[in-house]
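Notes follow once the structure below has been shown.
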Amino acid sequence: MSETGTLHPAGTAVRATPAAAVIASVVLVELSSGITQGFLSPLLKGLTRTLHVTAADLNWISIANLLASVAFTPVLSRMGDLYGHRRVLRWNLLIVLLGSVLVGLSRSFGMLLAGQLLQGAFAGFFPLLVGILRNRSGAAESRRGISFMVAALTGGVAFGLVASGLVARSSASPTAALWVPTVAVALALAVTWPLLPESGHRPGGRVDGAGGVLLSIGLVAIMLGLGQGGTPGWEWTSARTLLCLAGGAAVTGLWVLVELRTAEPMIDVRLFRHRNVVVVSLVALTFTFGMLGLLVANPVYLGTAKAEAGYGLGLDPLGIALAMLPNMLALTLGALVAPALATAITDRRVLVTGSVLMAAGFAGESLGRSALLPFLAATAVAGLGSGLLQHSTRTLAVEAVPHDQTSVGSGINELLINVGGSIGAAVVLTVFAAQTPAGQTLPRIGAYTTSWLACAAVALAGAGLSLFYRGGKR
């Protein structure tokens with residue numbers, strides 16, 4: 001019998017685990033996820049020389065990572081609900097660990113991208129951990145737990161930034177810092193393996209393999225078309241670009257039809273008949289467009305010297321890491337205060353506030369780009385808004401679905417977070433490629449200005465969408 005009095009499907013008892021041990025384990029896994037997501041930013045400018053690629057090419061790192069997340073998230077989430085969140089999380093950690101080892105061994109851009117594809121499985125961490133938490137606690141406790149998880153995630157990003165910056169400064173090898181995520185994920189796997197409890201309730205059923213394959217193919221094709229569109233050989237009117245976009249849309253439409261006729265779908269698309277599910281999903285798309293879309297652009301800008309390109313702030317890897325901390329710290333603060341703020345002013349107003357802050361921050365980055373302090377202040381404003389939305393969308397996505405679809409509900413949100421980020425990264429890639437002179441590795445300053453203002457406009461659209469959310473104070 002589990003702590004909730006539910007029999008484990010296999011008839012074995014689910015052992016009791018102290019709440020403190022569960023929270024500590026959840027935090028450690030999300031820390032490793034954050035480190036995996038943050039360690040590369042201070043190294044990006046140096047990789048243009050080490051791996052002989054352009055700044056536009058570097059956006060493929062984000063796109064590859066996000067595309068893999070799109071494919072992994074729904075499958076891992078559904079498997080967690082069916083077979084046990086802890087069991088699937090262990091395999092999930094092993095996949096990310098393998099990807100991290102490949103990244104550490106990378107001496108070519110292709111190998112780095114292969115490692116990033118496997119590391120993209122970290123998107124499964126959050127929905128699986130939410131499944132563990134929600135099976136042990138009520139709504140209020142679950143909200144606090146999610147707040148800790150988001151804070152740990154962003155704290156991990158900050159730690160990864162500084163750790164890789166320090167390793168890059170102290171090591172003679174230009175690729176030594178690529179091993180940072182391997183250490184973090186291996187530690188999380190070793191510590192949490194004996195501590196995390198298994199879920200006490202499983203609804204039973206099977207994995208919808210056809211749905212998972214169709215969704216992955218459809219979304220990856222669309223993201224590929226968007227990411228390559230406008231680049232040489234992939235003009236917007238070229239056959240390959242149109243085939244990816246139209247084919248991806250057709251396969252995604254076919255996936256919807258298959259899911260509607262499947263008794264146990266990978267993602268129950270009927271959930272999108274609910275107004276709040278649609279609103280939260282669209283806000284997740286808009287806020288991650290800028291948050292993840294600028295993951296490459298901002299660190300490269302920070303590391304570019306004015307003598308080199310006529311713009312930039314000329315920081316070394318450690319300087320880039322430290323310069324990105326205001327954004328991460330503000331994001332963590334936003335995630336921690338979001339539950340209390342939602343209680344005070346309602347979930348809808350938190351969604352609106354977060355989107356407006358992000359829009360103001362991105363606009364401020366464009367206006368304050370010539371000096372370090374104004375630029376960092378703008379990134380902090382964007383980070384505060386992002387933290388509010390990180391917590392709010394993840395919480396509301398879980399609360400909108402039945403208890404036995406906890407990981408699926410969280411997985412839908414994580415999926416849309418990655419789709420929004422993929423679209424943002426694809427747009428930035430297109431802008432950078434269009435404004436990079438032939439034979440050069442760095443784009444013109446207009447590429448950054450266009451990207452910042454586009455992200456601000458999308459964030460404002462998210463604020464408008466948030467007004468349609470229905471809900472009272474918590």
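Might you check whether a residue that is among the β-branched types (Val, Ile, Thr) and under 20 Å from residue 378 (Cα atoms) occurs anywhere in the range 279-288?
Scanning the range 279-288, I find at least one residue that is among the β-branched types (Val, Ile, Thr) and under 20 Å from residue 378 (Cα atoms), so the answer is yes.
Can you list residue pairs whose Cβ atoms sit under 8 Å apart, with the first residue in the range 429-445 being assigned to a loop (DSSP other than H, G, I, E, B) and among the polar types (S, T, N, Q) and the second being at pLDDT below 85 and surrounded by 15 or more Cβ atoms within 10 Å (Cβ to Cβ)? Count only pairs 6 or more apart in sequence or on different chains.
436/54; 436/55; 436/56; 440/54; 441/48; 441/53; 441/54; 441/55
Is it the case that the range 276-283 has a residue that's among the hydrophobic types (A, V, I, L, M, F, W, C), in the same structural domain as residue 82 (by TED's automatic domain parsing) and more than 23 Å from residue 394 (Cβ to Cβ)?
No, there is no match, as no residue in the range 276-283 is among the hydrophobic types (A, V, I, L, M, F, W, C), in the same structural domain as residue 82 (by TED's automatic domain parsing) and more than 23 Å from residue 394 (Cβ to Cβ).
Of all residues in the range 407-433, how many are surrounded by fewer than 24 Cβ atoms within 10 Å (Cβ to Cβ), at pLDDT 85 or above and over 17 Å from the mean Cα position of the chain (by Cα)?
So the count comes out to 1.
Looking at residue 237, is it more than 22 Å from the chain's Cα centre (by Cα), in a loop (DSSP other than H, G, I, E, B) and of a type in the set (Ser, Thr, Tyr)?
In short, yes.
Residue under question is residue 364, and the condition is that it be surrounded by 18 or more Cβ atoms within 10 Å (Cβ to Cβ), free of Cβ contacts under 8 Å to residues at least 24 places away in the same chain and touching a helix residue (DSSP H, G or I) at 6+ places or on another chain (Cβ under 7 Å); does it hold?
yes
Of the residues 56, 71, which single one is in contact with a Phe, Trp or Tyr (Cβ under 6 Å, 6 or more places away or on another chain), modelled with pLDDT under 80 and not aromatic (Phe, Trp, Tyr)?
The conditions single out 56.
Counting only residues that are under 29 Å from residue 348 (Cβ atoms) and outside any helix (DSSP H, G or I), which one in the range 266-301 is modelled with the highest pLDDT?
294
The values are calculated or read from the model by the stated rules, or taken from the named source; none is laboratory data. These numbers were taken from a predicted model, which means no experiment stands behind them. Neighbour counts run over all protein chains shown; Cβ positions are idealised from the backbone, glycine included.
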